Structures are given as structure tokens and as C-alpha cells.
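Asks: My questions all concern the structure below.
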Number of protein chains: 2
Amino acid sequence: MATISDVARRAGVSTATVSRALNGVSTVDPALVARVRAAAEELGYQPNGLARNLRRQETAVLALIISDVENPFFTAIARGVEDVAQTAGYSVVLCNSDESAEKERRYIDVALQERVAGVVISPTDEWAGVEMLLGRGTPVVAVDRPLRAGTGDQVLVDSRAAARAATEHLLAAGYQRVGCVTGPEGVRTADDRLAGYRDALGRRKRRERRAEYRAAGGEAATRALLAGAEPPDALLVANSAMAIGVLEALRAEGLRLGRDVGVVAFDDVPWATLIDPPLTVVAQPAYEIGAEAARLLLARIADGSLPPTATTLEAQLIERGSSHRA
Amino acid sequence: MATISDVARRAGVSTATVSRALNGVSTVDPALVARVRAAAEELGYQPNGLARNLRRQETAVLALIISDVENPFFTAIARGVEDVAQTAGYSVVLCNSDESAEKERRYIDVALQERVAGVVISPTDEWAGVEMLLGRGTPVVAVDRPLRAGTGDQVLVDSRAAARAATEHLLAAGYQRVGCVTGPEGVRTADDRLAGYRDALGRRKRRERRAEYRAAGGEAATRALLAGAEPPDALLVANSAMAIGVLEALRAEGLRLGRDVGVVAFDDVPWATLIDPPLTVVAQPAYEIGAEAARLLLARIADGSLPPTATTLEAQLIERGSSHRA
DNA sequence: TTGAAAGCGCTAACAA
DNA sequence: TTGTTAGCGCTTTCAA
């Protein structure tokens, strides 16, 4: 691959002039610029970003580390991050930690080693990974899951309040035995949503089940709950992938959505209105989370001394048929 | 951030020894290795990947450039690529070209400049971008959409045959006026699926409509088709995002799925069995496409002289209720 | 087994 | 306005 010296030789100038010409430094003779451009073109010259970044001590690349590429919530975040980053001239690379602390760790190492300009991350747990980044001076913004207070920027949704509101909605709709299907212990969003459910339930009897944040998990949890003595007549589901399994379990049991068992699920999904009755959801502003995270990250890259901020966005309960008896 | 010289100074050895110790070169005195390790640990040393890669002229990073992160088909490919890459010690960074040739171009530039080891791409068109990569000697594997014959590795699905089979299935199920909703002209998969539809239709009257590969596109196309003189009584839909719009339009018109209008859509989606009747789909082996692409890419990175291959995987028609009158 | 030194490709002082 | 030169942090000969 052609290097800057090849171009310099061909254009009959020094490498410094090539660098200046190609980077649009104004002090270069237009005639030379043209010659350099031509030479670069002829050689198919592509600047070596590694060398450039090594020299400049910076990269125009952001890393986005999320826990599940197949979850529409996270891909919507990705678009938000990307749109903002692009307009600022940054590229975004997406890394899938797959809810595994080890993979997350590996991607953090990569981010550190490749010296990305900043990282947006949905941390699998509160400490280890993010602190590595912070400790090395890499700007970080956490999304979806919190950091230890004051350690870094974060943009979150008040899951607990949303879960509480959703549960209250179910109660208000006349369901008597509201249950909750949530994710694994330690996954902060799963814990928060369960807590919100409990908040709303007060002294009523709890019917809760944890499982992995996937369809199979939702299905298993639902079956288990249904097999109990006084099975739930409504369910708060903490995640849209789980919701698929929940709905399948319900159907397998011959239970009618809404009429027999009310359901509210976290995350608005494109297919929510296609099922019958349509699914009531807690819609998180995923795109906006990503966009805001990117804005904060860019601001911090520009000025590392900014105080850490915590932004909380509101989720919105979208009532549809699945949470009504009628 | 600590550099290798900092570590060397602290351990009282040369930078060469640090490099050797940390990279597990066997000729280093175990005592020294321990000292170096300790020093690195104390300083929180993270090797600078930029410098290392610059020197080694290689990176253990693959780029995956896809046209829509929000499409489950592509995210499934991403997992396939990632799983294979990980076991070979490579990291994968995902870039979202968003069906835009310009964004694709920008990510290709980034890939080139960052000197990634290889690229898996779903090319927006056949030439420009991929040829830049090939021209600079970067190993490339195309997925989902073809390259010009013989230019590089590709792993595809025979969309045309699958579309034909799906259309024939609809015809065999007794639908008389089968229509087709497909993506924009020039998007290869959209064209292929339309071609397959036409293959099956033979001399029957065509009812086809193009729109963007999104729900809104599917909805608009369906409305337009339905507004015609002899509206279709069945639809082949070329993409799962469009399918959402198609189903919505049908419902808005009061048409019952299957009974009034039969539907087969490309790509198996998690919610296919949740709607009533469940959706008949053409399931593409997305994960396997990604995994195979990664295998081919790795092979080509190891040996650049390999002849270009073209792998074609089969799609599978999964018959469910939406394509039957009963 | 270890160290000295060159150099990957680029940019930025400094000189001219 | 242009060129010369140093050096970003690392790996890898070549000597010792």
C-alpha cells in the first residue's frame, strides 16, 4: 500500500507538504496541492490511520459496547449514538458484549488499546470494566444501567417508577393477581423493574420469577408461574424478548391475552400492534438515550474536566388491548 | 497513560525485554518476566495497540459493514461472524451503512485507514466500495448481496429460487391474484425476489410494488396495490420490516390474514408465531451466513492467494397459517 | 538471555 | 511557503 513518502516522491515534494496538502492546511500553494492530490490519486493512497492516530494521540472513533445486538432497544440506542456521532465527524463501532462480563472486558481492552476517543457502554455490572476506562482517562458514558454515583456520565430511564406505574395500571384495570417476569439477579434493569413491581404491589401477594432475558426465559418463567396454586391473572414482563416467550406460553395454555391474563411488557416493539389484542408496553426513549449519550460523550471528549452528570429520561406507558379485560 | 518505557524503567530492563516478557517470548528469564509483569501491573500499563499494529502491520480486528442494524436478519449475521471471529482471537466491529452508499464509503475508508485485518460486508451496490478494499489488498467477503463474479468471496442465499418457491406455494394454496411487495430498484435482494416472483407467475397478471425496505414502505405499497382494480388476494413480501407495514395495511382495510389475503414474508422473525394466523416465512440461515463468511475471511487472511469462492445457502419456506385460506 | 537501535507512517516544531 | 527532523510507542533484527 502506498505511503506518504511514495506520494511525496511522485509529486516531487516533501512528506510534510503532502501531509499539509491533504489535510487542508491553508498555507500550501494551490498548484502543489493539485500535484499532491493527483499523485495520491494515481497511487491510490490511503493515509495510514494507525500512524496518524499514533502521532496525533487521538482517534475519531467511538466505541459502543452493548449487551445484546439482537435487542431492538439497543439497536435503537445505536442509531441515536451513530446519528449524533456522524454529524460531529466521528465513526462508531459497535461491540456486542452479549451480557458476558468477560466479553465486555475484552472489548474494553480493545477500546483501550486502539485508543478510541470515547466509549458508550451498557455495563454488565457497576464497576470493573468502566473503572478500567475511567482509570486510563477514557471518556465514558453509561446507558441503561447505572454507574457508581459520581464516577461518570450516565443516561438512564427510571425503570423502577415505570414498572411501578405499569403494575398500578394493571391493578387499576381490575387484575387481581399481578405477577412479574424479570431478568437475572444482578442485571440492574431486571432488579429495578422487579422493585417497581413490588412497590406497586404493596402488601399483596407477590408472584415473581427470574429467568434470562430471552424468549426461552420468558416462556419458562411463565409456565412456572402458571403452574402455581393461585396463578397470576396479569403479568409485568421486564423485557421484550422475554415477552415473546410469555405470550407463547400463554397461548400454549389456552389463555386469552387481556381477557384471561393481562400483560404489559417493557420496550415498544414494531410488532406490538400486530398481535391481537395489541400489546401494552412501557416505551423507553431508546433513540434519545443514544443521542443524549453521544452528546455527553462528545462534550466530555472536548473538555475532560466536566463534572459527571446523570440524566434520567422518562418511559411512557402505552396502553393497548393486552392490559384490559374488555 | 503509561508506556512501555515507563514499565522498562520501573522494572530496570530494556523496552525490548518488556515487549518480549509481555508477549510471552520464551527466551526471557522467568524472574525478569515476573518483575516486568509486576511493574506493568503497578503502572496500569495497557499496550498501545496503535503503535503495535503500526509496527506489526496488522490488526486482530474485523469490520462488519451491514446495511441495517435494526434488521434482525443482519444482527443474526453479526452473531455468526462474531462467534467465529472470537474463537480465532479476532474482535469484530460493526458498522451500520444504513443502506447509504455514502455511509458505506465512509466506513470503508475507516476500515482501510485503521488497517483492519478483513471486512465482511453487505454491499449496497456491486462495485465501488468493495473494489476499493480489494484494490488495497484487504480481504473481503460479501454477504447477502453479490459481487461481480470472481472478484471476491461471497456467501449468498438463492433469493430468487426462494421467492419463486414461495410464490408457487401461494398459488398452490389457491390464491388467484398473487402480488409482490419488494424493496427499491437496485437493491439486489429486492430485485432477485421480484424476479423469483415473476418466474413463478409466468404469464399471469403481475401485481407488484416497490418501496423502501421499511414498515412504512410496506404499508404504502400494500395500500396502493389494494386500491387497484383487481387487488391481490395474496402477497409475497420481500423483507420482514416491510411485512409489518403490510400486515398493518391489511388490518386497516379489514382484510383477514390468510382467509382474505395470503401472505408470505422473507425472514423468520421472533414474532411470526405470535400473530393470528401465524406468519408463513422464507427463513434465511442468517447466523450460518455470518459464520461461514467469517470462516472464509479468516482463511483468506491466512492465505491471500486463495481463489474467490461463491457459497450459496438455501432458504427454507416455513409454512404457517398466513398462507392458507382455511 | 539481554540491550541498543532502527523503523513502521505520519504530523508538527523549527528552520530556511 | 516549503523542507528537515524528531518522535508518537511498539517490535524486531543485530550484537553483545
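Asks: I want to verify a result. In a Gaussian network model of chain A, Cα cutoff 10 Å, which of these has the top mean-square fluctuation: A:Ser100, A:Ser67, A:Ser14?
Replies: Looking only at A:Ser100, A:Ser67, A:Ser14, the biggest GNM fluctuation is shown by A:Ser14.
Asks: Across the residues of B:60-67, average count of Cβ atoms on other protein chains within 10 Å?
Replies: Numbers: counts 2, 4, 0, 1, 2, 0, 1, 0.
Mean partner-chain Cβ count within 10 Å for B:60-67: 1.
Asks: Which residues does a label at B:Glu230 reach in region B:162-206, if reach means a backbone N under 11 Å from a point 7 Å past the Cα toward the Cβ?
Replies: B:176-178, B:204-206
Asks: What is the Rg over Rh value, at two decimals, for chain A, using alpha-carbon atoms and the Kirkwood definition of Rh? Intermediate values should be presented prior to the final figure.
Replies: Working: Rg = 25.3 Å, Rh = 22.1 Å.
Checking Rg against Rh, the ratio lands at 1.15.
Asks: Ignoring solvent entirely, what values of log10 I(q)/I(0) come out of the Debye formula for region B:8-58 at 0.16, 0.20, 0.22 Å⁻¹ when each Cα is a single scatterer?
Replies: -0.45, -0.68, -0.80
Asks: Just checking the output field for A:265-271: average partner chain Cβ neighbours within 10 Å of each residue's Cβ?
Replies: 4
Asks: Compute the long axis of helix A:101-113 from its Cα atoms, compare it with the longest principal axis of the Cα atoms of chain A, and write down the angle in degrees, 0 to 90, nearest 10.
Replies: 20 degrees
Asks: Quick one: plug the Kirkwood hydrodynamic radius of region B:80-170 (C-alpha pairs) into Stokes-Einstein at 37 °C, 0.692 mPa s, and report D in µm²/s.
Replies: D = 228 µm²/s.
Asks: Put a point 7 Å out from Cα along the line to Cβ at B:Arg55; what are the distances to that point in the other copies, in nm, shortest first?
Replies: Those separations, rounded to one decimal, come out as 1.9 nm.
Asks: Starting from the Cα-Cα distance between B:Leu317 and B:Thr15, subtract it from 0.36 nm times their residue separation and give me the gain in nm to one decimal.
Replies: Values: separation 302, 0.36 × 302 = 108.72 nm, distance 6.03 nm.
Extra length from B:Leu317 to B:Thr15 when fully extended: 102.7 nm.
Asks: Could you give me the ³J(HN,Hα) list for region B:183-191, computed from phi with Karplus coefficients 6.51, -1.76, 1.60 and θ = phi - 60°, whole Hz, x at Gly and Pro?
Replies: Once θ is set to phi - 60°, the couplings for region B:183-191 become x, x, 4, x, 7, 4, 5, 5, 5 Hz.
Asks: While we're on this one: Measuring nothing but label to label, 7 Å from Cα along Cα→Cβ, what are B:Glu230's distances to the other copies in nm, shortest first?
Replies: Listed shortest first, these distances are 6.3 nm.
Asks: Give, as a single signed number, the net charge of other residues whose beta carbon lies under 14 Å from the beta carbon of B:Ala221, with Lys and Arg counted +1 and Asp and Glu -1. Don't skip to the end; give the middle numbers.
Replies: On the way: positive: B:Arg193, B:Arg206, B:Arg207, B:Arg209, B:Arg210, B:Arg214, B:Arg223; negative: B:Glu185, B:Glu208, B:Glu212, B:Glu219, B:Glu248, B:Glu253.
Local net charge: +1.
Asks: Taking neighbour Cβ counts within 10 Å as the exposure measure, how do A:His169, A:His324 sort from fewest upward?
Replies: Details: A:His169 22, A:His324 17.
In increasing order of surrounding Cβ atoms, one gets A:His324, A:His169.
Asks: Something else now. Residues with amide H under 5 Å of A:Asp153's amide H, sequence separation 5 or more or different chain, H placed in the peptide plane at 1.01 Å from N; which?
Replies: Long-range HN contacts for A:Asp153: A:Val140, A:Ala142, A:Thr309.
Asks: Okay, next question. With each pseudo-label sitting 7 Å past Cα toward Cβ, what's the A:Asp303-B:Ser100 distance in nm, one decimal?
Replies: Calculated label separation equals 2.9 nm.
Asks: Can you give the percent of C-alpha pairs in the protein assembly as shown whose distance is more than 42 Å? Please list the in-between numbers first.
Replies: Numbers: 68977 of 212226 pairs.
Tail of the P(r) past 42 Å holds 33 percent of the pairs.
Asks: Applying a 10 Å radius around every beta-carbon, put A:41-47, B:59-65 in order of their mean neighbour count, most first.
Replies: Working: A:41-47: 15.6, B:59-65: 24.9.
For the peptides A:41-47, B:59-65, the packing ranking is B:59-65, A:41-47.
Asks: Within the protein assembly as shown, what percent of beta bridges assigned by DSSP are antiparallel, to the nearest 5?
Replies: Values: 7 of 77 bridges.
Antiparallel bridges make up about 10 percent of those DSSP assigns within the protein assembly as shown.
Asks: Further, regarding this structure: Tally Lys and Arg at +1 and Asp and Glu at -1 over the other residues with C-beta under 14 Å from the C-beta of B:Cys180: what net charge comes out?
Replies: Details: positive: B:Arg160, B:Arg164, B:Arg177, B:Arg193, B:Arg198, B:Arg204, B:Lys205, B:Arg206, B:Arg207, B:Arg209, B:Arg210; negative: B:Glu168, B:Glu185, B:Asp191, B:Asp192, B:Asp199, B:Glu208, B:Asp233.
Spelling it out: positives minus negatives among the neighbours equals +4.
Asks: Now for a different question. Under 18 Å Cα to Cα from A:Lys103, which lysines show up? Leave out anything in the same chain fewer than 8 places away.
Replies: none
Asks: Let me know the Kirkwood hydrodynamic radius for region A:219-326, please, with Cα pairs as the basis and the value in Å to one decimal.
Replies: For region A:219-326, inverting the mean 1/r across all distinct Cα pairs yields 15.7 Å.
Asks: Mind listing the Cα extents of region A:19-104 along all three principal axes, in Å, largest one first?
Replies: Principal extents (largest minus smallest coordinate, Cα): 54, 25, 24 Å.
Asks: If you take every residue apart from B:Ala39 with its C-beta less than 15 Å away from the C-beta of B:Ala39, what net charge results, scoring Lys and Arg +1 and Asp and Glu -1?
Replies: Working: positive: B:Arg9, B:Arg10, B:Arg20, B:Arg35, B:Arg37; negative: B:Asp6, B:Asp29, B:Glu41, B:Glu42.
With Lys, Arg at +1 and Asp, Glu at -1, the net is +1.
Asks: Name the most mobile residue of A:Ala249, A:Ala229, A:Ala16, meaning the one with the largest mean-square fluctuation, in a Gaussian network model of chain A with Cα contacts below 10 Å.
Replies: Its mean-square fluctuation being the largest, the pick is A:Ala16.
Asks: Next question, about the same structure. Considering only the label points, 7 Å along Cα→Cβ from Cα, what distances in nm to one decimal separate A:Lys205 from the same position in each other copy, shortest first?
Replies: Copy-to-copy label distances at A:Lys205, shortest first: 6.2 nm.
Asks: Once both labels are modelled 7 Å past Cα along the beta-carbon direction, what's the A:Ala172-A:Met1 spacing in nm?
Replies: 5.9 nm
Asks: Out of the DSSP beta bridges found with both residues in chain B, what percent are antiparallel (nearest 5)? Don't skip to the answer; put the middle values down first.
Replies: Values: 3 of 38 bridges.
Rounded to the nearest five, the antiparallel share is 10 percent.
Since every read-out is calculated from the coordinates, none of them should be taken as a lab result. What you are looking at is a predicted structure, and each value in this text was computed from that prediction instead of being measured. Please note: Cβ atoms are built from the backbone with ideal geometry, for glycine as well, and neighbour counts cover all protein chains shown.
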